[in-house]
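Engineer: Dropping the structure in here first, questions after.
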Ligand code: G6P
């Protein structure tokens with residue numbers, strides 16, 4: 001049967017509303033007796049014990065999911081991770097061997113750039129694992145192992161619910177590999193599983209409590225010509241994703257930066273009225289990161305930036321410096337991106353809608369790019 005919008009104005013509106021479910025279904029059946037169980041990875045313990053390096057390969061939004069995943073794999077499994085755009089990896093004579101695990105991420109499983117990179121990695125002797133949202137697609141078929149995301153079919157060209165499902169799958173993988181390698185403390189595993197299971201309700205909270213206000217904000221900003229996004233740690237890839245989504249949907253110039261890089265260049269762009277989204281880490285998760293981001297906010301505010309802070313509910317430190325605060329529920333640092341990205345998806349969709357654009361079919365883009 002043809003996919004159906006189910007009463008939503010666009011597939012994207014429907015798919016953003018399904019972000020809680022995309023996470024929940026990806027976790028479903030993979031937590032048993034307080035531990036992660038991924039039946040697809042049965043028999044691969046030796047493989048995971050024998051690797052000394054992970055390379056994540058993907059394109060577009062999936063690449064940003066990979067950048068988030070790096071923090072979790074390194075923290076929980078203590079394996080060094082490189083994240084690379086598949087087309088850059090493929091054509092630079094990469095150094096890869098039998099102790100390298102290549103993790104590809106692709107919603108469609110058909111992206112030619114990613115497929116060619118996976119084949120090249122396999123040819124060079126790497127083990128390959130595919131994170132994919134489409135049963136039986138080409139990339140998972142070409143891989144040694146598969147962890148499916150269960151976001152359901154994604155129709156809108158720009159990816160939303162698949163993104164949160166991809167991060168979820170990477171976290172499940174990181175927790176699994178961390179346990180198999182003896183790198184993960186049981187207490188950390190337990191807390192992380194609790195956080196994973198709490199995510200859908202927290203994402204739903206954003207949709208229920210902030211969606212209308214974010215849409216209003218995006219409508220006020222309908223004639224904005226450029227938007228910047230700043231983030232630090234796991235907030236950095238989320239800033240990149242927020243900028244990509246805004247470019248794709250609204251054709252506005254948008255750029256994401258690492259907040260710490262501000263003084264090394266991007267601060268030159270700040271002039272009065274420049275809108276800047278800032279991903280603010282929870283003060284309870286990391287006081288240091290929080291303080292550093294708040295000081296970045298002060299710096300850009302002093303130069304006239306219009307600051308839109310995405311911050312934890314109750315974070316009073318940002319209030320004096322932010323023009324707008326989009327609230328998100330508390331989560332421990334690694335889990336913040338799965339929640340904080342939702343306001344950015346809503347904003348990009350809202351601004352494109354305000355401009356009268358087709359959010360499902362942006363110009364010049366294809367859902368699945370099957371040419372190199
Ligand atoms: C296209 C889509 C993007 C997507 C990228 C990777 O460029 O427009 O939304 O992120 O491909 O797609 P994949 O199916 O490999 O995740």
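Engineer: Connecting C-alpha atoms closer than 10 Å in a GNM of the chain, tell me which of 133, 209, 296 has the biggest fluctuation.
Structural biologist: Ranking 133, 209, 296 by mean-square fluctuation puts 209 first.
Engineer: Continuing with this model, one more query. Which percent of Cα pairs goes in each bin when the distances of region 109-211 are cut into 5 angstrom slices starting at zero?
Structural biologist: Percent of pairs per bin, in order: 2, 11, 16, 19, 18, 14, 12, 6, 2, 0.
Engineer: Just subtract the alpha-carbon distance of residue 316 and residue 185 from 0.36 nm times their residue separation and send over the number in nm, one decimal.
Structural biologist: 43.9 nm
Engineer: Residue 88 versus residue 209, label points 7 Å from Cα toward the beta carbon: distance in nm?
Structural biologist: 3.7 nm
Engineer: Using only the alpha-carbon atoms of region 150-296 as identical scatterers, what base-10 log of I(q)/I(0) does the Debye formula give at q = 0.10 Å⁻¹?
Structural biologist: At q = 0.10 Å⁻¹ the computed log10 ratios are -0.46.
Engineer: Helix 336-354 versus the longest principal axis of the chain: what is the Cα-based angle in degrees, 0 to 90, to the nearest 10?
Structural biologist: 60 degrees
Engineer: May I have the convex hull volume per residue, in Å³, for the Cα set of region 281-371? Mind showing how you got there, number by number?
Structural biologist: Values: hull volume 13.9 nm³, N = 91.
In region 281-371, the Cα hull volume divided by residue count equals 153 Å³.
Engineer: Still on this structure, please answer the following. Report the label-to-label distance for residue 141 and residue 5 in nanometres (one decimal), using points 7 Å from each Cα along the Cα→Cβ vector.
Structural biologist: 3.4 nm
Engineer: Now, a different point. Can you check what the Kirkwood hydrodynamic radius comes to for region 227-337, Cα pairs only, in Å to one decimal?
Structural biologist: Working: mean 1/r = 0.0733 Å⁻¹.
The Cα-based Kirkwood calculation yields 13.6 Å.
Engineer: Would you calculate a helix-derived [θ] at 222 nm for the chain, using -39,500 (n - 2.57) for each DSSP H run of n ≥ 4 and dividing by the full residue count, to the nearest 500?
Structural biologist: On the way: 12 runs with 166 residues, N = 372.
Computed ellipticity for the chain at 222 nm equals -14500 deg cm²/dmol.
Engineer: Now, a different point. Suppose R0 equals 51 Å; then what is the FRET efficiency for residue 251 and residue 33 from their Cβ-Cβ distance, rounded to the nearest 0.05?
Structural biologist: Details: r = 50 Å, r/R0 = 0.97.
The value I calculate is 0.55.
Engineer: Based on alpha-carbon centroids, what's the gap between region 230-257 and region 74-98 in Å, whole number please?
Structural biologist: For region 230-257 versus region 74-98, the Cα centre distance is 23 Å.
Engineer: Over the chain, what is the mean sequence separation of C-alpha contacts under 8 Å (at least six apart), divided by residue count, expressed as relative contact order in percent?
Structural biologist: Reported relative contact order: 19 percent.
Engineer: With contacts defined as alpha carbon pairs under 8 Å and 6 or more residues apart, what's the relative contact order of region 228-372 in percent? Don't skip to the answer; put the middle values down first.
Structural biologist: Numbers: 245 pairs, mean separation 37.2, N = 145.
Computed value for region 228-372: 26 percent relative contact order.
Engineer: Taking the chain as a Gaussian network, where each spring joins two C-alpha atoms under 10 Å apart, which residue of 231, 43, 222 fluctuates the most?
Structural biologist: Most flexible of the set in this elastic network: 43.
Engineer: Moving on. How big is the antiparallel share of DSSP beta bridges in region 16-149, given as a percent to the nearest 5? It would help to have the intermediate numbers written out before the result.
Structural biologist: Details: 2 of 22 bridges.
Here the antiparallel bridges make up roughly 10 percent for region 16-149.
Engineer: Pop a pseudo-label 7 angstrom from the Cα along the beta-carbon direction at both residue 269 and residue 288 and give the gap in nm to one decimal.
Structural biologist: Between residue 269 and residue 288, the simple spin-label model gives 2.8 nm.
Engineer: I need to check one value: relative contact order of region 87-134, counting alpha carbon pairs closer than 8 Å and at least 6 residues apart, in percent.
Structural biologist: Working: 65 pairs, mean separation 23.9, N = 48.
Reported as a whole number, the value is 50 percent.
Engineer: Between 0 and 90 degrees, rounded to the nearest ten: what's the tilt of helix 161-180 against the longest Cα principal axis of the chain?
Structural biologist: 50 degrees
Engineer: When 1/r is averaged over all different Cα pairs and the result inverted, which Kirkwood radius in Å belongs to the chain? Display every interim value, and only then the final one.
Structural biologist: Details: mean 1/r = 0.0482 Å⁻¹.
Taking every pair of different Cα atoms in the chain, averaging 1/r and inverting gives 20.8 Å.
Engineer: Let me ask something else about it. Quick one: work out Rg over Rh on the C-alpha atoms of region 169-232, Rh as Kirkwood radius. Kindly include the intermediate steps, with their values, before the conclusion.
Structural biologist: Working: Rg = 18.4 Å, Rh = 15.2 Å.
Radius of gyration relative to Kirkwood radius: 1.21.
Engineer: Right, here's the next one. Counting DSSP beta bridges in the chain, what percent are antiparallel, to the nearest 5?
Structural biologist: Looking only at bridges with both residues in the chain, the antiparallel portion is about 5 percent.
Engineer: Moving to a separate point now. Springs between alpha-carbon pairs under 10 angstrom, Gaussian network model over the chain: which of 28, 173, 351 fluctuates most?
Structural biologist: So, out of 28, 173, 351, the one fluctuating most is 28.
Engineer: Residues in region 10-25, backbone N under 11 Å from the label point at residue 367 (7 Å along the Cα-to-beta-carbon vector): list them, ranges by number please.
Structural biologist: Under cut-off, by backbone N: 11-12.
Engineer: How much length, in nm to one decimal, is gained on full extension between residue 201 and residue 74, taken as 0.36 nm per residue of separation minus their Cα-Cα distance?
Structural biologist: Values: separation 127, 0.36 × 127 = 45.72 nm, distance 2.66 nm.
43.1 nm is the gain from fully extending residue 201 to residue 74.
Engineer: Would you list 57, 41 from fewest to most Cβ contacts within 10 Å?
Structural biologist: On the way: 57 33, 41 20.
Final ranking by Cβ density, sparse to dense: 41, 57.
Engineer: Now, a different point. Just to confirm the number: angle between the C-alpha axis of helix 287-302 and the first principal axis of the chain, 0 to 90 degrees, nearest 10?
Structural biologist: 40 degrees
Engineer: Follow-up. If you take the square roots of the eigenvalues of the alpha-carbon gyration tensor of region 1-115 and sort them as a ≥ b ≥ c, do you get rounded (a/c under 1.5), prolate (a/b over b/c) or oblate? All intermediate terms of the calculation are to be shown ahead of the outcome.
Structural biologist: Working: a/c = 2.33, a/b = 1.36, b/c = 1.71.
Oblate.
None of the figures in this text is laboratory data; all of them are computed from the coordinates on show. Because the structure is predicted, anything quoted here is derived from the model rather than measured. Backbone-built Cβ (ideal geometry, glycine too); neighbour counts: all protein chains shown.
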